[in-house]
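This report concerns only the one structure given below.
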Amino acid sequence: MVSYNPSYVLSFLPGLLSALPLTLFIVVFTITVGSLFGGALSWAQLSGDKVLNAIAKAYIFIVRCTPPIVMLFMVFYGLPEFLKWWLGIDINSWSRTVFVIIAMILLFAASISEVFKSAFEAIPKGQLEAGLSIGLTGFQTFLRILLPQGFRIALPNITNAILNLLKDTALAYTIGLADVMGAGNLLIGRNLGNYSLETYTAVAIIYWVLALLLSLLDHTLEKSLDYNRN
Amino acid sequence: MNFQYILETFIKALSGIPVTLGITVVSIILSFIPALFLALGRLYKVKGVTKFAIVYLAFIRSTPPILLILFFYSLFPSLLNNLLKSTSINVFDLNPIIYAFVIFSLMTTGTLSEIIRSAILTVDKGQLEAAQAIGLTNTQAYLRIVFPQAIKSALPNLCNLVINLVKGTSLVFVMTVKDITAIAKIEAAYGYHYFESYFVIFVIYILICGLIQLVFHFLEKKVAII
């Protein structure tokens with residue numbers, strides 16, 4: 001019979017939760033830097049510069065076609081080897097967290113730039129023109145008129161992108177990082193391969209709660225932004 | 001950088017393409033019928049279907065695929081072994097690709113049902129009513145009038161689904177299925193040529209996904225004429 005003891009799920013949770021800060025750190029750091037990079041990518045596409053546009057489009061196409069695990073392996077195994085061969089720099093001693101974050105930023109930037117771009121395109125052009133015509137500079141118009149409106153439009157897609165990022169971060173265990181997923185696998189190893197179903201359930205519960213909190217946050221933000229508008 | 005090695009690995013990794021595409025195609029075929037019923041059930045407001053679909057989608061959407069794979073890969077073999085104890089089938093001789101089919105179908109069903117539902121919703125309700133008015137049965141009306149029109153709006157989303165599925169199958173190496181990624185991983189560990197190996201499959205994945213996008217682009221053009 002398949003043994004499954006629900007009480008173990010609860011007893012495994014505290015140990016797994018101790019790895020949660022690392023997962024959250026990776027996610028938050030990636031969102032911050034990745035959004036900047038993604039913003040630059042969408043700016044390159046909207047700026048009208050043909051070369052920049054082509055570069056950004058090519059980057060997004062390539063990342064869209066790359067499985068997250070392959071990106072992670074390329075960055076973790078490939079980057080040190082490549083840099084050593086190319087520039088003679090040794091980065092093998094860097095923490096695994098750094099490699100995970102680099103890979104996640106590369107992935108997240110591409111998906112979030114598409115979100116930014118479509119949100120920006122959804123704002124009526126008159127808004128930009130109106131902002132400029134009352135004497136705001138281009139930057140002020142962007143910051144005070146376009147960004148708040150764009151953010152509201154983009155919010156559901158941003159949530160989706162963050163959710164996907166959270167799921168991709170779970171792959172970090174394959175290179176030996178002890179995030180929530182990695183802690184789960186270590187726990188199974190420590191139990192000599194037993195209670196794997198209970199452990200995975202506990203890990204899944206953590207991800208479910210994170211996703212639930214994320215969608216609740218999205219929901220309240222959307223509501224409060226709607227309220228301000230009316 | 002060893003170009004001879006890159007070429008050799010490229011040819012070896014190519015032999016993983018049938019596995020990758022096989023899992024993709026089989027998962028879509030297996031999940032199509034349940035997804036269709038789920039979508040129609042929601043459209044016709046069959047009791048319980050909407051609630052089930054929302055809960056199911058929420059769970060699948062918020063669980064990392066790698067976790068689902070590991071969970072079911074620890075569950076299925078012992079479960080099947082238990083069920084098939086009386087028969088002479090040895091579960092542990094089964095090709096693990098079968099588990100991959102099941103898991104990826106489970107993951108695809110939710111997304112596919114959403115795609116089908118939104119595609120059917122884009123077809124004007126008058127079309128179905130007109131078809132019924134001229135005496136077609138419900139099945140005929142759907143098959144001949146609604147679906148051909150719905151396909152048009154479903155194609156871009158289907159393209160996305162297929163690409164995500166191809167990318168998702170790269171995780172099957174944890175189930176010892178030898179797809180493109182698994183072959184590259186073995187090659188990399190064998191000769192310590194990590195960068196070359198992963199670069200090779202990076203290129204292969206770009207080629208596959210580029211081709212898929214081309215095919216869908218062609219299909220979209222073809223459908224647009226109708």
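Rounded to the nearest 20 debye, the dipole magnitude of the protein assembly as shown is 880 debye, with +1 charges on Lys and Arg beta carbons, -1 on Asp and Glu beta carbons, and the Cα centre as origin.
State which entries of A:LYS167/B:LYS178; B:LYS45/B:LYS152; A:LYS57/A:LYS117; B:LYS125/B:LYS222; A:LYS57/B:LYS185 exceed 20 angstrom in Cα-Cα distance in the structure shown. Pairs exceeding the cut-off: A:LYS167/B:LYS178; B:LYS45/B:LYS152; B:LYS125/B:LYS222; A:LYS57/B:LYS185.
Counting Cβ atoms of other protein chains within 10 Å of each residue's Cβ and taking the mean over peptide B:56-69 gives 6.
Note on chain A: with a GNM built from Cα contacts shorter than 10 Å, the maximum mean-square fluctuation among A:GLY48, A:GLY176, A:GLY39 falls on A:GLY48.
Separation of the stretch A:176-224 from the stretch A:28-48 is 28 Å, based on Cα centroids. Loop-located trypsin sites (Lys or Arg not before Pro) in the stretch B:1-106 (DSSP state other than H, G, I, E, B) with a sparse environment of at most 16 neighbouring Cβ atoms within 10 Å: B:LYS45, B:LYS47, B:LYS85. Highest mean packing first, where packing is the average number of other Cβ atoms within 10 Å per residue, the peptides A:103-111, B:17-25 line up as A:103-111, B:17-25. Modelled spin labels at A:LYS223 and B:LEU207, positioned 7 Å past Cα toward Cβ, are 5.3 nm from each other.
Put a dot 7 Å past the Cα of B:VAL25, heading toward its Cβ, do the same for B:ASN82, and the two dots end up 3.5 nm apart.
When each of the peptides A:153-162, B:178-187 is scored by the mean number of other C-beta atoms lying within 10 Å of its residues, the order from highest to lowest reads B:178-187, A:153-162.
Annotation: peptides A:112-124, A:131-143, B:142-154, ranked by per-residue average of other Cβ atoms within 10 Å with the highest first, follow the order A:112-124, B:142-154, A:131-143. Two numbers describe the Cα atoms of chain A: Rg and Dmax, which are 21.3, 75 Å.
Here, each number is a calculation from the coordinates, and none is a lab measurement. Please read all numbers here as calculations on a predicted model, not as lab measurements. Heads up, the Cβs are rebuilt from the backbone with ideal geometry, glycines too, and the neighbour counts pull from every protein chain shown.
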